[in-house]
Structures are given as C-alpha cells and as structure tokens.
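A short write-up of the structure that comes next.
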Amino acid sequence: MTQEELRAKLESYDLKGATIKQLLAARDVARDAQAQLQRSYRELRNYNIAGWAGTTTDEVRDRMNECLQAIADEGAMYGAFVSRASEEIYKRLDK
C-alpha cells in the first residue's frame with residue numbers, strides 16, 4: 001500500500017459510524033503500527049549514526065534519509081488517526 005493509499009484509508013475511516021468497540025480496536029491497531037514505525041525509525045537512525053553512514057556514498061545516505069522521512073511520515077499518519085479516534089471515543093464517553 002502506498003502512503004497515499006494509507007492516508008486515504010485512514011482519513012476515510014467512518015469515526016462517527018463506528019461503535020466504541022470498533023473505535024478502540026482501530027485506535028489500538030493504529031497505535032501499535034505507529035509504535036513499530038517509531039522503533040524502526042530509531043533503529044535506522046541509530047544505525048546511520050553509529051558510523052555506517054561514514055562509509056557510504058552520498059547516494060546511499062540520501063536513500064537512507066528518504067527511508068527515514070517515509071517512516072516518519074507514515075508514523076505521523078497513524079498518529080493523526082489515533083488522535084482523531086481518541087477524540088471521538090472521549091466525546092462519546094463524556095455523554
């Protein structure tokens with residue numbers, strides 16, 4: 001799935017029509033995905049910092065930076081979904 005498809009999927013999720021149970025499940029899945037992406041980001045960044053980047057070409061460093069940016073962008077998409085789902089859950093629980 002491309003990032004555009006992921007963004008469209010997350011943005012089109014029917015928060016108002018979902019039950020609280022569905023919202024909780026979707027939020028937890030998104031939160032887990034976000035956490036995994038954050039771990040991957042840290043591992044790749046640390047691998048890059050540990051000296052591997054000092055022995056590579058500019059092209060390889062550029063690709064690693066593109067990977068880091070893509071991971072960060074996906075994590076942000078999941079984070080935005082988690083926030084929207086959480087807001088809807090809290091709104092319903094406050095009623």
With +1 at each Lys and Arg Cβ and -1 at each Asp and Glu Cβ, the charge dipole magnitude of the chain around its Cα centre, to the nearest 20 debye, comes out at 540
Around Ala72 (Cβ within 12 Å, Cβ-to-Cβ, excluding Ala72; K/R +1, D/E -1) the net charge comes to -1
The summed charge of the Tyr41 Cβ neighbourhood (under 14 Å; Lys/Arg +1, Asp/Glu -1) stands at -1
Ranking Ala70, Leu24, Thr57 by how far each Cα lies towards the positive end of the charge dipole of the chain (+1 on Lys and Arg Cβ, -1 on Asp and Glu Cβ), the top one is Leu24
The chain: relative contact order from alpha carbon pairs under 8 Å, six or more residues apart, as a whole percent, is 51
Calculating percent of Cα pairs over 17 Å apart from this structure picks out, from [x] 61; [y] 47; [z] 57, entry [z]
Those helices of the chain passing the 30 Å axial Cα length cut-off and the mean Kyte-Doolittle cut-off of -1.0 (DSSP H runs only) are 20-49, 58-94
The answer for the net charge of residues other than Glu87 whose Cβ lies under 12 angstrom from its Cβ, with Lys and Arg +1 and Asp and Glu -1, is +3
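Since every read-out is calculated from the coordinates, none of them should be taken as a lab result. Computed from a predicted model, the values in this text were never measured in an experiment. Neighbour counts run over all protein chains shown; Cβ positions are idealised from the backbone, glycine included.
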